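A.B. asks: Structure incoming, see below.
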Amino acid sequence: MKNKLLIITALESELKQEALPTGVNIIYTGVGKINASIATCQAIHQHQPARIINFGTAGKINPQIHGLLEIGSVIQRDMNAEPLAPRGKTPFSHTPVKYHSKAGIYVCGTGDSFVNSHDQWLHEQKVDLVDMELFAIAAVAHHHQIPWQSFKYITDEANENSGDDWQDQVNHGQALYLEMLEQLLNS
């Protein structure tokens, strides 16, 4: 029998398991796309969820955003195999270059690097925020035909202070995640 939803989060410091309601499953992936891919595949096979919810932290590219945001789509910001394919596209692959969630309006750019300087390409792609796991989670969910949603808490401004800012604020989103989870469980 399928569970209603499965929460996938990179680190326990972002969302503690003991803070969740009884019966809600959470998987911690670790940092980065490979860890997220492996953990998401294993979690799908173990829990057979009907829906995946990703909670996590992010750096902002769009200076107008803050707080907890629902992600509408995600691209891969660090796949750069030019001239074989344009940046963001895996060469010789027929998988999507952008994955769309159940809802949300913000665009997330995922990559295996911590963004701490300006990247014009992110602005050209209208990326609002950056993380290190969502593209992998969305790709695996898409492959298994499982709808997904993602909520990201902005911890930093994707600049030279990002590392320190993230460490100072990594756990500040937990109360907001729990409020959103309550809404999702009651919908």
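A.B. asks: Determine the gain in length on full extension of the stretch L184-H172; use 0.36 nm per residue of separation and subtract their C-alpha separation, reporting nm with one decimal. All intermediate terms of the calculation are to be shown ahead of the outcome.
C.D. replies: On the way: separation 12, 0.36 × 12 = 4.32 nm, distance 1.99 nm.
Extra length from L184 to H172 when fully extended: 2.3 nm.
A.B. asks: Suppose each label sits 7 Å from its Cα in the direction of the beta carbon; what would the E70-E18 distance come out to in nanometres?
C.D. replies: 3.1
A.B. asks: Could you work out the longest stretch of the chain that avoids the trypsin sites (Lys or Arg not before Pro) located in DSSP loops with at most 14 other Cβ atoms within 10 Å? Before the final figure, lay out the partial values.
C.D. replies: Numbers: sites that count: K2, K4, K16, K102, K126.
Longest run free of exposed loop sites: 17-101.
A.B. asks: Next question. With the radius of gyration and the Kirkwood radius both derived from the Cα set of the chain, what is their ratio Rg to Rh? Intermediate values should be presented prior to the final figure.
C.D. replies: Numbers: Rg = 15.6 Å, Rh = 16.5 Å.
Over the Cα atoms of the chain, Rg/Rh equals 0.95.
A.B. asks: Chymotrypsin sites (Phe, Trp or Tyr not before Pro), restricted to the stretch 70-112: which are DSSP loop and have at most 11 other Cβ atoms within 10 Å?
C.D. replies: Working: sites: F92, Y99, Y106; in loops: F92.
Within the stretch 70-112, the qualifying chymotrypsin sites (Phe, Trp or Tyr not before Pro) (loop, at most 11 other Cβ atoms within 10 Å) are F92.
A.B. asks: Stretched out fully, how many nm does the piece from H94 to I38 gain, at 0.36 nm a residue minus the Cα gap?
C.D. replies: 18.1 nm
A.B. asks: For the stretch 1-85, I need the span (max minus min coordinate) of the C-alpha atoms along each principal axis, in Å, sorted largest to smallest.
C.D. replies: Sorted largest first, the three principal extents are 47, 33, 22 Å.
A.B. asks: Can you list the lysines whose alpha carbon is less than 28 Å from that of K98, not counting same-chain residues fewer than 8 positions off?
C.D. replies: Those lysines meeting the cut-off are K2, K4, K33, K60, K89, K126, K152.
A.B. asks: Okay, next question. Please rank M79, M180, fewest neighbouring Cβ atoms within 10 Å first, as an exposure proxy. Don't skip to the end; give the middle numbers.
C.D. replies: Working: M79 21, M180 17.
If I rank by nearby Cβ atoms, fewest first, I get M180, M79.
A.B. asks: With springs only between Cα atoms under 10 Å apart, run a GNM on the chain and tell me which of S73, S13, S93 wobbles the most.
C.D. replies: Comparing S73, S13, S93 in the GNM, the peak value goes to S93.
A.B. asks: For the stretch 52-128, just say rounded, prolate or oblate: build the C-alpha gyration tensor, square-root its eigenvalues into a ≥ b ≥ c, call rounded for a/c under 1.5, and beyond that prolate if a/b exceeds b/c, oblate if not. Before the final figure, lay out the partial values.
C.D. replies: Numbers: a/c = 2.09, a/b = 1.35, b/c = 1.55.
Verdict is oblate for the stretch 52-128.
A.B. asks: Can I ask one more? Add -39500 (n - 2.57) for each DSSP H run of 4 or more in the chain, then divide by its residues: what number comes out at 222 nm, to the nearest 500 deg cm²/dmol?
C.D. replies: On the way: 5 runs with 50 residues, N = 187.
Helices in the chain give a 222 nm mean residue ellipticity of -8000 deg cm²/dmol.
A.B. asks: So how far, in whole Å, is the C-alpha centre of the stretch 112-187 from the one of the stretch 1-45?
C.D. replies: 14
Coordinate-derived values only; no laboratory data. Not measured: the values here are computed from a predicted model. Quick reminder, even Gly has a Cβ in these numbers, built from the backbone with ideal geometry, and neighbours come from all protein chains shown.
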